[in-house]
Amino acid sequence: MSTARDMEEQAQIRHQEVLNAIEMISSSDSASSTSRMYSGSYASSNSISMLPAEPKIFYGRESELADILKDFEQSTPRIAILGAGGMGKTSLAQAVLHHEEIVIRYQGNRLFVACDTAASKVELAGLIGAHLGMKPGQDFTRAVLHRLSEGSTTLLILDNLETVWEPVESRKEVEEFLSLLTDITSLALMITMRGAERPSKVQWTRPFLPSLEPLAQEAARKVFIAIAEDGHPMEEIDQVLSLTDNMPLSINLLAHAVGVEGTTAILSRWQREHTSVISEGYDRKSNLESSILLSLESPRITSTPHSQELLSLLSILPDGLSDVELKQSKFAIQDILDCKRALLRTALAYLDDHKRLKALVPIREYMAKFRPPTDEMIGPLFKHFQELLQVYLADMGKQSSALYVERLTSNYTNIQNIIQNGLYPGHPNLADSISCTSHFIRFSITIGNEVIPLIDKVISLLPHSEDHRAKASFTVRLFGQNRIHPIPHPKALIAQTLEWLKTFDDPNLETIFYTNLGFYYSDLDIPVALKYCQMGLSLATSHGNIKEQSVALTLLSWIKWSTGDYITAQADAQEVQRLAKMSGDLQREARGLYTEALCCQMLGDYCKCIFLVKRASALLELCGLSQGDLNYSLMNCQAEVHAYKSEYVNACNLYRQLLQTYRGGQLYYEGFSLMNIAEVEVPMGISCEMIQEKICASQAIFKKIGNKVMMIACDTIQADLNLREGDMSCSLLRKCLKAGLGRESQIVGYCLERLADVTRWSPPHDPSWSIILLAHSLRAQKKLEIYKALQFVGDVHLMQNDELTAVSLFTVALEGFTYMDVHRSRAECMVRLGDMAKKNGDLLKALELWETAKPLFERSSQAKRVQDIDERVGDISEETKEQHRKNLARLAELNVPAGKVEEVDSDTEELGLEEEQVKLITV
């Protein structure tokens with residue numbers, strides 16, 4: 001920080017530099033005339049009015065340029081271009097200066113004055129006078145005003161005016177000088193200034209031009225590629241741009257660096273050097289750190305000294321801070337809101353769409369490197385977030401918790417960074433930081449953000465803490481999130497946690513530990529998972545802990561569902577709902593509804609399934625968790641219903657929506673969505689390459705997070721794709737079937753369904769698979785599987801020329817598929833029945849069945865099957881088709897109100913239709 005004496009000396013030096021420059025220019029007529037470009041009527045041997053070049057790379061400011069040109073439709077506008085340092089204010093002013101409309105209007109009467117060296121009104125007037133070609137003097141003010149007022153219409157641009165306007169002692173006279181300039185009716189004035197303030201005493205043209213913001217992503221890419229040239233991977237370009245927050249100066253400097261070193265090298269250097277990578281130039285236009293330092297030394301900042309402390313805190317808070325958080329965090333800064341205003345005035349910080357105070361990435365990086373926040377600044381915010389997490393967990397699931405969810409979600413990355421500050425050996429708040437991490441893990445799981453970078457660090461720090469309660473609390477929560485983060489040496493950690501739990505009395509934490517162990521082992525060892533889950537339930541029951549009883553029962557019902565015991569799982573889920581209502585836990589009630597919905601789905605009651613899903617979604621909305629992990633599961637359940645009904649397009653759209661919502665950071669959901677899309681794309685006939693890409697991507701994700709069950713599920717879809725492409729080897733399906741037996745009923749049913757469908761296999765194929773599928777589905781009461789098994793058994797009998805049995809089986813299956821509204825399977829049964837009717841000479845019946853099947857195939861995206869039906873219908877004579885049309889027309893006329901069955905019966909007898917034909921036609 002410069003002292004007052006240093007600042008005075010610097011001002012004197014700059015003053016002398018200005019006078020020397022003016023004197024040199026005035027006395028160097030011939031040199032000036034050959035080395036500078038002059039502007040119109042003000043051009044003379046004594047003028048320095050050289051215009052800067054037009055920007056060659058100019059993207060993303062088209063809207064602002066258009067707004068400024070619109071202002072110039074007025075006679076003489078007064079425009080202030082504001083924004084943070086490096087935001088492209090000068091480039092925009094230069095683009096205006098050289099725009100065709102401006103050139104035609106002002107021709108040579110365009111002045112572009114860089115104010116960087118001026119320190120007072122006199123020096124500012126001197127610079128303008130020099131550009132006008134005036135002889136040097138002590139004070140140009142009157143002469144400049146006189147010269148401009150006598151001349152023709154003129155455009156004057158004062159670039160970087162904040163240099164002379166910033167100092168409080170000169171601000172008043174500078175503003176008065178600007179006011180006098182704007183009194184000249186023939187003068188159009190444009191200024192560029194750092195910050196968000198316009199000088200007073202000037203009637204600026206309205207509406208005001210908003211402060212410049214970072215470039216849009218597409219514009220930032222264009223600027224980057226124009227400088228660094230094409231050929232760099234777009235993903236790496238976006239990574240580089242993320243370091244700039246799309247600030248034009250940062251993009252410019254980084255793009256030039258990438259042009260020399262490449263994206264990979266620059267990204268690696270940034271990790272080590274941060275803003276120093278683009279701070280090797282000599283001035284504000286080529287050195288980012290110099291540009292930021294210039295703003296930090298602004299009198300508007302130095303006059304509010306604590307504003308730099310606030311900015312240093314913002315350097316580790318990418319989510320920013322709201323006014324509520326600024327006030328409630330109880331910082332040791334009395335004038336905290338004044339500090340906020342100072343940062344906004346200088347554009348070192350900005351307010352986002354939610355009115356949160358934030359700093360751009362380059363500024364955050366600079367402050368974190370050179371002026372990091374102290375523990376005294378971080379401490380109050382840590383305590384604030386810690387208390388907020390504790391209050392949320394106490395009310396979690398209740399309607400009152402919605403407000404806390406919103407506030408915690410708004411600070412998600414902030415909380416991670418604040419906790420991380422205390423996670424190192426010897427820190428006085430290490431135990432509190434570990435404990436706070438436990439709370440944060442629990443919150444993260446409820447909102448679906450299960451990737452928590454803090455976990456590895458805390459695990460490494462456990463030996464450095466003597467607080468057994470904090471360590472036990474952390475490991476208990478750790479076992480509740482195993483889907484994403486693999487746990488090293490789990491058995492040893494379980495034993496260690498049990499030892500820690502013995503050192504203090506907390507039956508509630510012990511209950512949660514056993515339940516979480518049940519969750520951890522539910523993907524690894526079902527009997528062990530059930531054992532721990534029962535232990536958790538017993539403890540919760542013995543201590544009268546209704547909330548933890550409902551948690552343990554939720555897990556029990558889930559395990560029962562996954563093993564195919566849908567009736568027991570449904571009963572447990574209903575008990576979860578009852579207990580949740582007693583404790584007012586809306587989230588837990590929603591989880592019970594979700595599990596019951598899954599059971600209804602497997603039992604074939606799709607209408608009730610969707611009803612339960614909607615009820616659960618409404619409850620989540622009430623407690624502020626409409627974007628969490630359970631919401632994903634509910635949407636996924638809806639998509640699965642569409643898939644079961646063979647509405648593949650609807651299912652695929654929902655899965656893609658889920659992928660878009662949860663892609664990036666939430667690996668489990670991303671992998672699960674990719675896998676589900678691949679599953680429905682197989683029967684849709686999507687290209688093998690596209691499906692293969694999704695399967696490989698989902699397998700890589702599940703391998704990364706160590707989820708073996710989902711890796712097996714990916715293999716089942718791979719086997720289905722292989723079968724569709726003509727691979728008759730069933731070894732992969734058998735392998736997956738073996739892996740799923742006794743633990744994953746879904747995987748078992750999926751494999752058996754593919755093995756049982758003899759129409760997909762080349763003979764000889766073991767027909768007993770259809771009977772095995774039937775036995776499996778009957779045991780689990782999976783209604784859809786039961787009817788599919790009957791259909792496949794019918795296919796076996798049809799291949800054995802037992803048409804009578806086949807017809808009976810297809811008819812029963814058709815009734816079931818019709819009840820459940822499963823389009824593709826209905827159509828398949830109708831085609832088989834139609835083919836047998838044709839074989840037996842009943843062409844009308846065959847035609848009716850085929851034409852009823854066609855729209856069902858269309859709805860289930862079976863283009864090849866639709867084409868096959870068209871070919872079948874094409875072989876039928878026109879006479880038969882005409883008779884069929886007449887029958888349909890006659891039946892349409894018989895659409896009478898209920899209670900007139902006798903009339904319908906008599907009319908159908910006149911048509912000579914059999915009862916079965918009437919049923920099929922009306923279906």
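The values are calculated or read from the model by the stated rules, or taken from the named source; none is laboratory data. Everything numeric here is computed off the predicted structure, so don't read it as measured data. Glycine gets a Cβ as well: all are built from the backbone with ideal geometry, and neighbour counts include every protein chain shown.
The figures follow:
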{"read-out": "Residue check, LEU659 farther than 25 Å from CYS607 by Cβ and either touching a residue at least 40 places away in the same chain (Cβ under 8 Å) or not small (Gly, Ala, Ser) (or both)", "value": "yes"}
{"read-out": "Cβ-Cβ under 9 Å pairs, at least 6 apart or on other chains, segment 867-886 side under 15 Å from LYS839 (Cα atoms), far side among the acidic types (Asp, Glu) and part of a helix (DSSP H, G or I)", "value": "ARG872/ASP835; VAL873/GLU851"}
{"read-out": "Answer from LEU849, LEU798, LEU804 - the residue that is surrounded by fewer than 18 Cβ atoms within 10 Å (Cβ to Cβ), in a helix (DSSP H, G or I) and aliphatic (A, V, I, L, M)", "value": "LEU804"}
{"read-out": "Flag if PHE331 is within 30 Å of ARG591 (Cα to Cα), crowded, with 19+ Cβ neighbours inside 10 Å and not assigned by TED's automatic domain parsing to the domain that holds SER242", "value": "no"}
{"read-out": "Filter pass, ILE79 being in contact with an Asp or Glu (Cβ under 9 Å, 6 or more places away or on another chain), of a type outside the set (Phe, Trp, Tyr) and not assigned by TED's automatic domain parsing to the domain that holds ARG364", "value": "yes"}
{"read-out": "Complete set of residues in segment 404-429 that are in contact (Cβ under 8 Å) with a residue 60 or more places away in the chain, within 14 Å of GLY379 (Cβ to Cβ) and aliphatic (A, V, I, L, M)", "value": "ILE418"}
{"read-out": "Residue match in segment 120-134 (condition: at pLDDT 90 or above, within 52 Å of the chain's Cα centre (by Cα) and part of a loop (DSSP other than H, G, I, E, B))", "value": "yes"}
{"read-out": "Residue count for segment 662-675, restricted to those that are more than 15 Å from GLN699 (Cβ to Cβ), in contact with a helix residue (DSSP H, G or I) (Cβ under 6 Å, 6 or more places away or on another chain) and touching a residue at least 60 places away in the same chain (Cβ under 8 Å)", "value": "2"}
{"read-out": "Among the candidates ALA837, ALA846, ALA813, residue that is free of Cβ contacts under 8 Å to residues at least 24 places away in the same chain, under 24 Å from VAL866 (Cβ atoms) and of a type in the set (A, V, I, L, M)", "value": "ALA837"}
{"read-out": "Pairs with Cβ under 7 Å, 6+ apart, first in segment 149-161 and closer than 23 Å to SER91 by Cα, second assigned to a loop (DSSP other than H, G, I, E, B) and β-branched (Val, Ile, Thr)", "value": "none"}
{"read-out": "Residue within segment 74-95 that is free of Cβ contacts under 8 Å to residues at least 40 places away in the same chain and hydroxyl-bearing (Ser, Thr, Tyr) present", "value": "no"}
{"read-out": "Condition met for PHE857 (closer than 22 Å to CYS751 by Cβ, in contact with a helix residue (DSSP H, G or I) (Cβ under 8 Å, 6 or more places away or on another chain) and assigned to a helix (DSSP H, G or I))", "value": "no"}
{"read-out": "Residue that is surrounded by the fewest Cβ atoms within 10 Å (Cβ to Cβ) [pool: residues in segment 814-843 that are under 39 Å from the mean Cα position of the chain (by Cα) and in a helix (DSSP H, G or I)]", "value": "MET820"}
{"read-out": "Complete set of residues in segment 175-199 that are surrounded by fewer than 23 Cβ atoms within 10 Å (Cβ to Cβ), within 43 Å of the chain's Cα centre (by Cα) and among the aliphatic types (A, V, I, L, M)", "value": "ALA196"}
{"read-out": "Any hit, segment 287-296, residues being β-branched (Val, Ile, Thr), assigned to a helix (DSSP H, G or I) and crowded, with 19+ Cβ neighbours inside 10 Å", "value": "yes"}
{"read-out": "Test: residue in segment 297-309 that is modelled with pLDDT of 90 or more, hydroxyl-bearing (Ser, Thr, Tyr), more than 26 Å from the chain's Cα centre (by Cα) and surrounded by 15 or more Cβ atoms within 10 Å (Cβ to Cβ)", "value": "yes"}
{"read-out": "Unmet criterion (only one of (1) touching a residue at least 40 places away in the same chain (Cβ under 8 Å); (2) closer than 25 Å to GLU175 by Cβ; (3) in a helix (DSSP H, G or I); (4) not hydroxyl-bearing (Ser, Thr, Tyr)) for ARG105", "value": "(2)"}
{"read-out": "ASP727 acidic (Asp, Glu) and more than 25 Å from LYS782 (Cβ to Cβ)", "value": "yes"}
{"read-out": "Output for segment 860-891, where each listed residue is more than 17 Å from VAL831 (Cα to Cα) and not in a helix (DSSP H, G or I)", "value": "SER877"}
{"read-out": "Conditions (1) over 47 Å from the mean Cα position of the chain (by Cα); (2) hydroxyl-bearing (Ser, Thr, Tyr); (3) under 30 Å from ARG743 (Cα atoms): number failed by THR805", "value": "(3)"}
{"read-out": "Qualifying position, being surrounded by 19 or more Cβ atoms within 10 Å (Cβ to Cβ), in the same structural domain as GLN390 (by TED's automatic domain parsing), polar (S, T, N, Q) and within 24 Å of GLY448 (Cβ to Cβ), among THR515, THR475", "value": "THR475"}
{"read-out": "Verdict on GLU450 being among the charged types (D, E, K, R) and modelled with pLDDT of 90 or more", "value": "no"}
{"read-out": "Lone unmet requirement of (1) crowded, with 20+ Cβ neighbours inside 10 Å; (2) under 16 Å from ILE559 (Cα atoms); (3) among the charged types (D, E, K, R) for LYS645", "value": "(2)"}
{"read-out": "Selection count, segment 464-492, where residues are more than 20 Å from PHE519 (Cα to Cα), part of a helix (DSSP H, G or I) and at pLDDT 90 or above", "value": "3"}
{"read-out": "Count of residues meeting criterion [assigned to a helix (DSSP H, G or I) and in contact with a strand residue (DSSP E or B) (Cβ under 8 Å, 6 or more places away or on another chain)] in segment 59-102", "value": "11"}
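Yes/no per residue for (1) out of contact with any helix residue (DSSP H, G or I) (no Cβ under 9 Å at 6 or more places or on another chain); (2) part of a helix (DSSP H, G or I); (3) crowded, with 21+ Cβ neighbours inside 10 Å; (4) of a type in the set (Ser, Thr, Tyr):
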{"site": "CYS609", "(1), (2), (3), (4)": "no, yes, yes, no"}
{"site": "VAL613", "(1), (2), (3), (4)": "no, yes, yes, no"}
{"site": "ALA618", "(1), (2), (3), (4)": "no, yes, no, no"}
{"site": "GLU621", "(1), (2), (3), (4)": "no, yes, no, no"}
{"site": "SER626", "(1), (2), (3), (4)": "no, no, no, yes"}
{"site": "ILE677", "(1), (2), (3), (4)": "no, yes, yes, no"}
